[in-house]
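The values are calculated or read from the model by the stated rules, or taken from the named source; none is laboratory data. It should be emphasised that the depicted structure is a prediction, and the values quoted were computed from it without experimental measurement. Using ideal geometry, Cβ is built from the backbone for each residue, glycine included, and neighbour counts are taken over all protein chains shown. Note: areas computed on protein heavy atoms with side chains; ligands, DNA, RNA excluded. Shrake-Rupley method; radii C 1.70, N 1.55, O 1.52, S 1.80 Å.
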Amino acid sequence: VRDEEPTLAFMAQLGWKEIAREGNRVRTAVNGGGLGRLIDVIVDPQRPQGINGLGTVHHVAMAIETGEQQRELRDQLLAQGVKVTDIRDRCYFTSIYFREPSGVLFELATDGPGFAIDEPAESLGCSLRLPRQHEHLRPLLEERLAPIPDPWAPYR
């Protein structure tokens with residue numbers, strides 16, 4: 001970002017706290033920090049405004065525990081004038097999307113219902129699973145994607 005203050009103030013409203021600064025890097029944490037709970041904000045006033053495209057991060061996804069918390073936060077953001085999407089059903093979770101002041105797209109996705117709703121947890125990642133709204137794309141995806149090897153095959 002060119003100016004960290006608007007971004008950090010916005011993130012603070014979402015529960016993120018600054019925990020360290022080193023050079024042009026500001027480390028933020030949520031819920032005590034640790035794996036999956038840190039975001040580094042890199043400050044470069046000379047950097048041109050980023051645009052989505054090849055070689056860029058599309059969005060930063062964060063978890064929110066419940067749909068009720070997600071709805072409340074969405075309402076708060078809307079009340080502040082932030083443009084927020086409607087709640088999107090992704091089958092495995094619901095999401096809302098919005099941009100922080102420097103333009104980075106944020107996603108807040110619920111923890112549930114989770115990826116084990118259509119297959120046992122112990123076989124996650126062993127086959128192509130699609131949300132129902134994308135099931136019609138299965139033939140095309142199966143044609144274009146490399147086969148997924150069965151990681152349990154040696155043990156069967």
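A few notes on this one:
- If you go through segment 60-91 and keep only what is surrounded by fewer than 18 Cβ atoms within 10 Å (Cβ to Cβ), touching a Phe, Trp or Tyr at 6+ places or on another chain (Cβ under 7 Å) and farther than 19 Å from residue 41 by Cβ, you end up with 83, 85.
- Among the candidates 87, 96, 64, the residue that is at pLDDT 95 or above, within 30 Å of residue 130 (Cβ to Cβ), touching a helix residue (DSSP H, G or I) at 6+ places or on another chain (Cβ under 6 Å) and of a type in the set (Val, Ile, Thr) is uniquely 96.
Table: residues versus (1) under 30 Å from residue 113 (Cα atoms); (2) small (Gly, Ala, Ser).
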| site | (1), (2) |
| --- | --- |
| 21 | no, no |
| 44 | no, no |
| 47 | no, no |
| 53 | no, yes |
| 57 | yes, no |
| 65 | yes, no |
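- Only one of the numbered conditions (1) open to solvent by 50 Å² or more (accessible area, probe 1.4 Å); (2) outside any helix (DSSP H, G or I); (3) aliphatic (A, V, I, L, M) is violated by residue 108, and that is (1).
- Qualifying positions in segment 2-40 - touching a Lys or Arg at 6+ places or on another chain (Cβ under 8 Å), open to solvent by less than 60 Å² (accessible area, probe 1.4 Å) and over 24 Å from residue 65 (Cβ atoms): 20
- Residue selected from segment 16-35 under the condition free of Cβ contacts under 8 Å to residues at least 24 places away in the same chain and part of a loop (DSSP other than H, G, I, E, B), by the criterion farthest from the chain's Cα centre (by Cα): 23
- Qualifying residue in segment 65-80 (condition: closer than 17 Å to residue 1 by Cβ and either hydrophobic (A, V, I, L, M, F, W, C) or assigned to a loop (DSSP other than H, G, I, E, B) (or both)): no
- Residues in segment 106-151 that are farther than 30 Å from residue 10 by Cβ and touching a residue at least 40 places away in the same chain (Cβ under 8 Å): 132, 133.
- Taking the criterion of being assigned to a loop (DSSP other than H, G, I, E, B) and open to solvent by less than 80 Å² (accessible area, probe 1.4 Å), the only residue of segment 131-145 that qualifies is 131.
- Scanning segment 106-131 for residues that are closer than 30 Å to residue 53 by Cβ and at pLDDT below 95 turns up 115, 125, 128, 129, 130, 131.
- Subset tally (residues that are over 16 Å from residue 101 (Cβ atoms) and either among the charged types (D, E, K, R) or touching an Asp or Glu at 6+ places or on another chain (Cβ under 8 Å) (or both)) for segment 30-65: 7
- Taking the criterion of being open to solvent by 70 Å² or more (accessible area, probe 1.4 Å) and part of a helix (DSSP H, G or I), the residues of segment 117-130 that qualify are 117, 122.
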